[in-house]
Structures are given as C-alpha cells and as structure tokens.
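Quick notes on the structure that follows.
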Amino acid sequence: MAAVSNLKNMVLSLTLVCLVCSAILGGVFAMTSAPIKAAEAAKTNASIARVLPDFESEPAKESVTVDGTEYVYYRVPGTGYAIISTVGGFGGPLTLMVGIDEKGIICNTVVLSHSETPGLGAKCQTDASFIDQFKGWDPAAKKLAVTKDGGEVDAITASTITSRAYSAAIANAYSVYLKLGGNE
Amino acid sequence: MSKLGLITKGLIKENPTFVLVLGMCPTLATTTSAMNGLEMGLATMFVLILSNIVISLIAPVVPDKVHIPVYIVVIATFVTVLQLLMQAYVPQVYETLGLFIPLIVVNCIVLGRAEAFACKNSVGDSALDGIGIGIGFTLSLTVIGIVREILGSGSIFGWKFIAGDGILAFVMAPGAFLVLGYLMVLFNKLAKR
C-alpha cells in the first residue's frame with residue numbers, strides 16, 4: 001500500500017511533509033508570539049510589584065556588570081530597583097528578584113526559579129518567617145549572612161546551604177545597587 | 001474491534017503506563033501532584049490524537065524507508081504547536097511542565113501508537129485509539145499523582161488536609177518509583193480477575 005521507496009518518492013515525501021510542518025509552525029508562532037510576550041511581561045511585572053512598594057511608572061529593563069557577572073535589573077523611577085540575582089544553591093541555580101528602594105533598604109525578595117529539595121530548601125519560597133526577615137533590612141547596618149557565618153540571617157531549619165545562597169544572592173543584589181549609584 | 005472497544009482497551013488491557021510500561025520518563029518526573037499528572041496526561045493526549053489522525057491519513061503515501069522521519073516530523077510539529085499555545089495561554093502550567101513538553105516528541109507512546117496502530121487503520125479508528133490511550137495515560141498519571149500528593153504533601157489537588165509536610169520522599173524521585181511499582185502490582189492483579 002505504501003509508495004515505492006525510490007529516491008524520488010522519499011525526497012519528495014520528506015520535503016513535502018517538512019514544508020507543510022514548517023508552514024504550520026510559522027503560522028502558530030506568528031499567532032502566539034504576541035500573547036507569549038504579554039504573558040512574560042505580566043509575570044515580570046507581577047514579580048516587581050511584589051518586591052517594590054506601589055509604583056506608578058513603567059519599569060525600565062537595564063543591565064550592569066559587577067565583579068564580572070552581568071545582572072539584569074529593572075529601574076523604577078522614584079521607587080527603587082528590582083535586581084535579578086542568581087547564585088548556586090543546594091540543588092542548582094537559585095534566582096531571586098530583590099527589591100531595593102532608593103535609600104538602600106531591602107523591600108522584599110521573591111524566588112524566580114530554584115532547584116532546591118522539596119520540603120527543605122524549597123521552603124525558601126514559602127517560609128514566611130524566613131522571607132519576611134529581609135523586609136526592611138538595611139545591608140549597610142546588618143550583615144547579610146546566616147548566623148553560623150557570623151551574620152544576622154536566621155537560616156531555614158536543616159537548609160543552611162539554601163539560606164546561605166539566599167543571603168548571598170541578596171548581598172550580590174546590594175552590591176549591584178551600590179554600583180548603580182547607591183543613595184546619592 | 002468495536003468502536004467502544006477501541007477506547008476502553010487503552011484504559012485496562014493496553015493501559016500505556018501499567019501494562020505497556022511506555023513513557024516512563026514523564027510518568028516518573030511529572031507526577032509530583034495530582035494536578036501535574038493530569039496536565040501532563042492531557043498534553044500528551046492532545047499530541048497523540050492529532051498525530052494519530054494525521055499519520056493515518058498520510059501513511060498510504062509515505063514510502064516505507066522514510067516513514068519514521070516523516071512521523072517524527074509530524075509529532076514534533078504538534079508538540080511545538082502545543083508548547084507555543086501553552087506558553088501563550090496557560091503560562092503557569094507551562095512553567096511546571098515546561099521541560100517535559102518537548103520530551104513528548106520522543107515519548108514512546110506517541111510514536112508507538114503511530115507505528116503499531118495509526119499507520120494501518122482508518123482515520124476514525126486512529127482518532128479513537130488516540131483518545132483511548134490518551135485517557136488511559138492521563139488517568140494513570142493522575143492516580144500516581146494523587147497517591148504521591150497524599151503521601152508526600154498531605155493534600156489532594158492542592159487541597160491540604162494535614163498541617164505541615166507529608167512524607168517528603170514521595171514527592172522526590174524514589175517515591176515515584178515506589179508508587180509506580182506498587183500501583184503496577186495492584187493494577188495487574190485487579191486486571192487479571
């Protein structure tokens with residue numbers, strides 16, 4: 001029943017199938033590219049809204065290099081910065097968005113992606129007593145490191161490595177803030 | 001085989017997870033909760049039905065020697081379409097399943113049904129076969145997800161009935177193997193009756 005497998009038929013059928021499939025993909029891509037962009041922007045804006053107090057102006061995406069690492073951040077004029085900071089956690093990269101206001105005080109932090117252990121390190125997303133301790137933190141006055149390392153961060157029980165990474169990510173974000181001009 | 005039989009055989013006699021033991025990678029990896037299992041099952045069912053339909057249509061004109069590449073291109077197209085649609089309209093679902101959606105291309109269930117059924121049967125029968133196997137896969141993943149979520153997180157479909165955590169091992173990889181193994185034993189014992 002199938003067509004004879006000679007070179008002409010094989011080339012012809014593969015070419016046709018690939019052409020039709022690429023046409024379909026092109027069409028779907030054109031159709032969905034706008035909603036995908038909108039969904040990504042909505043997600044970013046939702047994160048920024050969580051780490052910075054109410055803002056009116058549209059956040060502007062910029063990037064800066066500090067100590068050889070490139071950081072992406074969003075500048076919200078009149079409010080502060082939402083800085084994206086990635087460090088190595090226990091199970092892989094841990095990416096945070098850190099909101100720092102214009103006086104250099106941390107407003108809030110939110111986990112953008114992580115690969116920490118469920119129920120242990122992954123609590124850094126949900127454990128309110130851990131996350132809330134950073135609200136209103138002044139890195140110039142209080143050291144951003146877990147108590148075991150001589151800092152003032154209360155680690156999540158049994159997840160010192162994750163807590164250490166979380167603190168380091170915030171400290172890195174703060175150094176980005178200082179590089180951006182700090183509180184001048 | 002009756003039309004109804006085409007659908008029901010995917011549930012028990014040819015259940016893709018517990019009897020054919022196909023598509024283990026998404027089964028083990030995405031069933032951390034009932035909802036994740038359900039969503040993964042539905043995503044696979046979407047690809048399975050459409051690829052079965054198209055493959056049964058083009059099978060008579062595809063030369064034998066290139067049929068696998070042709071099928072793979074068709075399946076990959078549907079998977080990419082699904083991926084773009086999910087990214088655009090259900091970004092939260094895409095975030096949890098993200099990595100495993102492209103892997104549907106190499107899911108043996110999809111290619112297996114194309115090879116074993118769709119290329120030899122009519123369009124209607126192939127669509128029914130896709131629905132049947134798809135429902136079987138979705139139900140299996142949901143059941144594994146429910147068991148793992150109850151034991152591991154103490155909740156069902158996100159509704160928590162205990163405070164704190166469950167037995168965390170069940171949310172991680174070892175729990176996936178354990179639950180799958182025990183459910184497979186149970187399933188085959190009940191199905192033999």
Among the residues in segment A:36-58, are any within 14 Å of another protein chain (Cβ to nearest Cβ), in contact with a helix residue (DSSP H, G or I) (Cβ under 9 Å, 6 or more places away or on another chain) and of a type in the set (S, T, N, Q)? no
Starting from residues that are hydroxyl-bearing (Ser, Thr, Tyr) and not in a helix (DSSP H, G or I), keep the ones in segment A:137-184 and report whichever is least open to solvent (accessible area, probe 1.4 Å). A:Ser159
Mind counting the residues in segment B:95-108 that are part of a helix (DSSP H, G or I) and touching a Leu at 6+ places or on another chain (Cβ under 9 Å)? 3
Test result for A:Ala82, of a type outside the set (S, T, N, Q), crowded, with 16+ Cβ neighbours inside 10 Å, in contact with a helix residue (DSSP H, G or I) (Cβ under 6 Å, 6 or more places away or on another chain) and away from chain B (no Cβ under 14 Å): yes
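Restricting attention to segment A:22-77, which residues are in contact with a Gly (Cβ under 6 Å, 6 or more places away or on another chain) and not in a helix (DSSP H, G or I)?
First pass over segment A:22-77, keeping only residues in contact with a Gly (Cβ under 6 Å, 6 or more places away or on another chain): A:51-52.
Correct list: A:Leu52 only.
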Residues (assigned to a helix (DSSP H, G or I) and surrounded by fewer than 20 Cβ atoms within 10 Å (Cβ to Cβ)) located in segment B:148-174: B:Ile150, B:Leu151, B:Leu168, B:Ala169, B:Ala173, B:Pro174
By residue number, the members of segment B:137-158 that are aromatic (Phe, Trp, Tyr) and on the phi > 0 side of the Ramachandran plot are B:Phe157
Residue under evaluation B:Leu168, criteria (1) at pLDDT below 90; (2) closer than 25 Å to B:Leu20 by Cβ; (3) touching a helix residue (DSSP H, G or I) at 6+ places or on another chain (Cβ under 7 Å), criterion not met: (2)
For segment B:175-193, which positions are open to solvent by 70 Å² or more (accessible area, probe 1.4 Å) and touching a residue at least 12 places away in the same chain (Cβ under 8 Å)? B:Phe177
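Within segment A:96-106, does at least one residue satisfy the condition of being crowded, with 20+ Cβ neighbours inside 10 Å and more than 11 Å from A:Tyr177 (Cα to Cα)? Steps first, answer last, please.
Let us first name the residues in segment A:96-106 that are crowded, with 20+ Cβ neighbours inside 10 Å, namely A:96-100, A:106.
The next check asks that each one be more than 11 Å from A:Tyr177 (Cα to Cα); those that pass are A:96-97.
Yes, segment A:96-106 contains at least one residue that is crowded, with 20+ Cβ neighbours inside 10 Å and more than 11 Å from A:Tyr177 (Cα to Cα).
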Output the number of residues of segment B:64-114 satisfying the condition of being more than 7 Å from every other protein chain (Cβ to nearest Cβ), without any contact (Cβ under 8 Å) to a residue 60 or more places away in the chain, open to solvent by 30 Å² or more (accessible area, probe 1.4 Å) and over 28 Å from A:Pro35 (Cα atoms). 3
Checking A:Ser33, A:Ser13, A:Ser5 in turn, the sole residue that is surrounded by 16 or more Cβ atoms within 10 Å (Cβ to Cβ), at the interface with chain B (Cβ under 10 Å from one of its Cβ atoms), without any contact (Cβ under 8 Å) to a residue 60 or more places away in the chain and out of contact with any Phe, Trp or Tyr (no Cβ under 9 Å at 6 or more places or on another chain) turns out to be A:Ser13
Subset of segment A:101-134, residues part of a helix (DSSP H, G or I) and either within 11 Å of chain B (Cβ to nearest Cβ) or aliphatic (A, V, I, L, M) (or both), comes to A:Ala122, A:Lys123, A:Ala128, A:Ile131
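The values are calculated or read from the model by the stated rules, or taken from the named source; none is laboratory data. From a predicted model like this one, the values you see are computed outputs, not experimental measurements. Positions of Cβ are backbone-derived with ideal geometry, glycine not excepted, and every protein chain shown enters the neighbour counts. For accessibility, only protein heavy atoms count, side chains too; no ligands or nucleic acids. Shrake-Rupley method; radii C 1.70, N 1.55, O 1.52, S 1.80 Å.
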